Amino acid sequence: MATVTTYLLRFRGPLHVAERGVGIEETAEFVHSDTLFSALCSVVRLGWGESELERFLAPFRAGEPPFLVSSAFPFAGPVRFLPKPQLALPSPPPDDARKRLRQTRWVSFGLFQAWLSGQLPGDAFTPEAFLPAVAAWLLPSEHRALPRSFTRDGIPLWARDVVPRVAVDRVTSASQVFRSGRLRFGPESGLFVLVEWRDASWRPLVETALAELGQLGLGGLRSTGHGQFTFELGEEIDVPEQEQPVGLVTLSLYAPTRHELAAGVLGPAARYDLVLRGGWIASPDGSSYRRRELRMISEGSLVAQPPGTTVRGQLVDVTPEVMRTVHPVYRYGFAFAVPVGPKE
């Protein structure tokens, strides 16, 4: 039985997470697992030195990660939201719920469990179960547990907006107006991360690095106060292991190995989306360069579980040629996956 720890990130101000688009007008409403892992590596390098970072990365490079980290997803009060899984519903939805389901991006933890168990409650498709403003679907009982600031005062759980900013040329003092996107969280809302500990001896270092990351900030526009957070320990979850799962739902980005691809993890039974990951490198050893782009399996995808094959993923080398003599650059692609049994 695996032990999974929940960490709640409560942001002091807005958050900017870069999205592919024009300039910095776009921002995501969650943080991918590769971004979070890279940020932790940067903190380890800054706080403990290059030798400790090498020790930190060694088991991941060897394909034996001492812990697995999910992407950071929204929460509101006691309700946790996960990406909508690419699984068939246990029963056909009523006609009046089909449009709401097509627009849904998030499902609550309780609904996620009920979906995987194949037993959705009878009131799961009522209008009260949907939150159109954040494209979320939850159980009516969880709706009643949402923060009072939302249910009584109408304050959004989280929202994206675009704000104008001004850049001033240091030589000519000419000004240029541009716009940046940001994500704002309501009271008692934020992001949460799941960590599965395979070697608990790494836990003190990871938690200390997470606290330091909260001081430095996560995401972009950190020089203007974006991305700072406090973190707190959430619930511990015991995940029972299934002997013969027929598939896995990913809660992180996933970069399958050649062996896993040959075994059929993306075979006919899989349902998945691909996301193109690129971006800039923030390194203390030189100027910023772009990482090599990589296509990865997105969160919420269903991948097959071939007999005798472990779905694990890998740490992918995305070092640009211009940085080969400086240091390697990696992208975290290990799968944080939930098993789906034959009945589901």
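Some points to look at:
- Single residue of segment 17-57 satisfying the filter (part of a loop (DSSP other than H, G, I, E, B) and under 14 Å from the mean Cα position of the chain (by Cα)) that is modelled with the lowest pLDDT: E19
- The conditions of being more than 22 Å from W197 (Cα to Cα), in contact with a Lys or Arg (Cβ under 6 Å, 6 or more places away or on another chain), not assigned by TED's automatic domain parsing to the domain that holds R312 and not basic (K, R) are not met by G110.
- Of all residues in segment 310-323 being surrounded by 15 or more Cβ atoms within 10 Å (Cβ to Cβ) and at pLDDT 80 or above, the one that is farthest from A335 (Cα to Cα): T319
- Those residues of segment 148-162 which are modelled with pLDDT of 85 or more and in a strand (DSSP E or B), in sequence order: W158, A159
- Scanning segment 97-123 for residues that are touching a Phe, Trp or Tyr at 6+ places or on another chain (Cβ under 8 Å) and part of a helix (DSSP H, G or I) gives A97, R100, L101, F109, L111.
- Filter result (touching a helix residue (DSSP H, G or I) at 6+ places or on another chain (Cβ under 9 Å) and either among the β-branched types (V, I, T) or closer than 26 Å to P83 by Cα (or both)) within segment 317-330: V329, Y330
- Matching residues in segment 324-344 - criterion: being outside any strand (DSSP E or B), crowded, with 20+ Cβ neighbours inside 10 Å and in contact with an Asp or Glu (Cβ under 7 Å, 6 or more places away or on another chain): F336
- Residues that are of a type in the set (D, E, K, R), out of contact with any Asp or Glu (no Cβ under 9 Å at 6 or more places or on another chain) and surrounded by 15 or more Cβ atoms within 10 Å (Cβ to Cβ) were ranked within segment 266-298; the one that is modelled with the lowest pLDDT is R291.
The values are calculated or read from the model by the stated rules, or taken from the named source; none is laboratory data. A quick note: this is a predicted structure, and the numbers were derived from the prediction, not measured. As a convention, Cβ positions derive from the backbone with ideal geometry for all residues, glycine included, and neighbour counts pool all protein chains shown.
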